[in-house]
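Before any comments, here is the structure.
We did not get these values from a lab; they are worked out from the coordinates using the rules stated. Note that this is a predicted model, so its numbers are computed, not measured. Because the Cβ atoms are built from the backbone with ideal geometry, glycine has one as well, and the counts that use them run over all protein chains shown.
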Amino acid sequence: MDIHKIREDFPILAREVYGKPLVYLDNGATTQKPRIVIDSIVDEYYSVNANVHRGVHYLSQKATELHEGSRETMRRFINAKSTNEIIFTRGTTESLNLVVSSFGEAFMNEGDEVIISVMEHHSNIVPWQLLEARKGIKIKVVPMNDKGELLLEEYEKLFTERTKIVSIMQVSNVLGTVNPIKEMIATAHKHGVPFMVDAAQSIPHMKVDVQDLDADFLVFSGHKVYAPTGVGVLYGKEEWLDKLPPYQGGGEMIKHVSFEKTTFNELPFKFEAGTPDYIGTTGFATALDYVMGLGIENIAAHEHMLTEYATKRLKEIPGIRIFGEAAHKSSVVSFLLGDIHHFDLGTLLDRLGIATRTGHHCAQPLMQRLGIEGTIRASFAVYNTKEEVDALVDGIIRVSKMF
Ligand code: PMP
């Protein structure tokens with residue numbers, strides 16, 4: 001891959017910040033967008049815009065074709081069996097809330113248990129806690145070792161006859177750990193328990209095949225994979241989605257409404273109340289086509305090289321502490337330098353044009369496990385370069401001399 005050519009696809013990368021070239025290393029939070037994605041949004045507003053479904057007129061039918069075509073792109077991207085298994089949402093958080101709410105409503109009662117892990121994002125903790133408060137369910141947590149690897153023997157010990165579901169991330173947004181999710185799903189299935197995968201941080205960086213994983217539910221956001229904000233996916237096996245009650249009520253998700261009795265629409269529409277972000281879904285599909293065009297394996301190889309290089313270079317800096325040294329890691333490096341507060345280091349790096357993320361990264365229980373308040377995180381995308389890693393390292397050395 002010619003990274004410098006790829007960089008030209010992303011107009012924002014050419015800008016400066018405080019008079020310095022932008023070094024954007026906050027891709028775990030959101031990625032930048034290629035021109036074709038931005039253009040797809042503008043073009044659709046310019047020439048196609050009309051509300052989807054139910055429209056007899058030309059534009060509505062064209063917009064519907066684009067929207068449903070995007071669903072097919074999602075299906076292909078994750079190798080789902082059918083587009084009935086692709087539910088459009090606002091993002092990972094909404095997808096998680098949908099499953100927790102509908103699954104919890106139908107299949108969980110007081111004393112029933114969900115298994116999550118110590119490294120989960122708040123989006124995969126708090127919805128379960130809301131269900132805990134509402135229905136008295138119990139949350140069990142898979143621990144990890146000091147390298148940031150989940151303890152699989154402890155995981156298996158957590159299953160009881162009250163375990164109703166497992167919900168765990170494929171890649172940690174803080175540690176970069178790639179969890180052995182396929183093996184963990186097989187363990188859950190051995191106990192007759194379904195498994196939900198938070199794929200927010202894996203979808204942009206590796207091939208995710210829902211049939212190969214045998215995932216029951218899998219959720220992700222568009223904006224972390226070069227797509228616009230505000231669109232995401234809930235994948236669910238059709239047999240599960242059929243059994244779940246609707247999440248929100250409104251237009252689109254009904255078959256027939258009367259004051260006496262309302263019947264619900266078929267999949268996938270049963271879970272898509274209201275006007276969908278049909279322009280966002282076009283942008284989303286355009287982004288996934290872009291990724292498929294580059295080849296997710298090529299992206300993974302480039303990002304792996306950057307992560308290894310960044311880890312090696314950062315370790316040369318005296319006083320650096322890296323969090324997350326799992327054998328299998330994705331494109332995230334979290335660290336602290338001496339006793340410099342992560343916020344101060346991040347702010348000073350920003351003045352050099354280097355965008356990193358500082359703080360707890362929406363994973364406060366993980367911070368508690370690590371005995372820290374937060375980290376600085378550099379996270380890579382396909383357009384990052386070794387020169388940018390060098391700029392980060394030089395920036396840290398420069399800042400450290402100020403303390
Ligand atoms: N899970 C993980 C692992 C994440 O990294 C994020 C985003 N930081 C989320 C869930 C939430 O994603 P979103 O904000 O797009 O809903």
What order do you get for 297, 252, 149 when you list them from fewest to most C-beta neighbours inside 10 Å?
-> 297, 252, 149
Can you work out ³J(HN,Hα) from phi for every residue in the range 5-16, in order, using Karplus 6.51 cos²θ - 1.76 cosθ + 1.60 and θ = phi - 60°, giving whole Hz and x for Gly and Pro?
-> 6, 4, 4, 5, 6, 10, x, 5, 5, 8, 7, 10
Using amide H atoms built 1.01 Å from N in the peptide plane, name the residues 5+ places from residue 226, or on other chains, whose amide H lies under 5 Å from its own.
-> 31
How large is ³J(HN,Hα) for each residue in the range 213-228, as worked out from phi by the Karplus curve 6.51 cos²θ - 1.76 cosθ + 1.60 (θ = phi - 60°), to whole Hz, x for Gly and Pro?
-> 5, 6, 6, 7, 9, 8, 10, 7, 10, x, 5, 8, 10, 6, 9, x
Of 253, 119, 196, the most mobile residue in a GNM of the chain (C-alpha springs, cutoff 10 Å) is 253
Interchain or long-range residues, amide H under 5 Å from residue 53's placed H = 64
Name the GluC sites (Glu not before Pro) in the range 327-401 that are in a loop by DSSP and that have at most 15 other C-beta atoms within 10 Å, would you?
-> 373
Name the helices (complete DSSP H segments) of the chain with a Cα length along the long axis of 15 Å or more and a Kyte-Doolittle mean of at least 0.5, or state none.
-> 92-107, 278-294
Enumerate by residue number the trypsin sites (Lys or Arg not before Pro) in the range 172-247 meeting two conditions: DSSP loop (anything except H, G, I, E, B), and at most 12 other Cβ atoms within 10 Å of the site's Cβ.
-> none
Do you know the relative contact order of the chain, to the nearest whole percent, from alpha carbon pairs under 8 angstrom that are 6+ apart?
-> 23 percent
In terms of modelled amide H atoms, which long-range or inter-chain residues lie less than 5 Å from the amide H of residue 112?
-> 138
Just the number, please: percent antiparallel of the DSSP beta bridges in the range 39-293, rounded to the nearest 5.
-> 45 percent
Sites residue 122 and residue 255, calculated FRET efficiency, Cβ-Cβ separation with R0 30 Å, nearest 0.05 = 0.25
Taking +1 at the Cβ of each Lys and Arg and -1 at the Cβ of each Asp and Glu, which of 169, 201, 96 sits farthest along the dipole of the range 39-293 towards its positive end, judged by Cα position relative to the Cα centre?
-> 96
Cα-centred dipole magnitude for the range 264-383, charges only on beta-carbon of K, R (+1) and D, E (-1), debye, nearest 20 = 400 debye
So which trypsin sites (Lys or Arg not before Pro) in the range 25-114 pass both tests, a DSSP loop state and at most 10 other Cβ atoms within 10 Å of the Cβ?
-> 54
Report the extension gain between residue 107 and residue 304 in nm, rounded to one decimal, defined as 0.36 nm multiplied by the number of residues separating them, less their alpha carbon distance.
-> 66.9 nm
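In the range 185-276, what % of DSSP beta bridges are antiparallel (nearest 5)?
About 70 percent, rounded to the nearest 5.
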Show that you can apply the helix-only estimate: for the chain, add -39,500 (n - 2.57) for every DSSP H stretch of four or more residues, divide by all residues, and state [θ] at 222 nm to the nearest 500.
-> -12500 deg cm²/dmol
Simple Cβ-charge dipole of the chain, Lys/Arg +1 and Asp/Glu -1, about Cα centre, in debye nearest 20 | 460 debye
FRET efficiency, 1/(1 + (r/R0)^6) with R0 22 Å, evaluated for residue 351 and residue 15 via beta carbons | 0.90
How do 379, 47 line up, fewest other C-beta atoms within 10 Å first?
-> 47, 379
What net charge do the residues around residue 126 carry, taking every other residue with its C-beta under 11 Å from that of residue 126, with Lys and Arg at +1 and Asp and Glu at -1?
-> -2
Considering the options 47, 215, 131, tell which one lies farthest towards the positive end of the dipole of the range 39-293, charges being +1 on Lys and Arg and -1 on Asp and Glu at the Cβ, about the Cα centre.
-> 131
State which entries of 135/270; 81/261; 224/386; 62/207; 190/329 exceed 29 angstrom in Cα-Cα distance in the structure shown.
-> 81/261; 62/207
Euclidean distance between Cα centres, the range 77-113 to the range 1-22, Å | 37 Å
Looks like the chain, by Cα gyration tensor root eigenvalues a ≥ b ≥ c and the a/c under 1.5 rounded cutoff (else prolate when a/b is bigger than b/c, oblate otherwise), is oblate
To the nearest 0.05, what FRET efficiency results for residue 209 and residue 402 with a Förster distance of 41 Å applied to their C-beta separation?
-> 0.30
Within the set 223, 361, 205, GNM on the chain using Cα springs under 10 Å gives the largest fluctuation to 361
Residue 93 neighbourhood, Cβ < 13 Å, K/R = +1, D/E = -1, net charge -1
Around residue 249, with a cut-off of 14 angstrom between Cβ atoms, what is the net charge of the other residues, counting Lys and Arg +1 and Asp and Glu -1?
-> 0
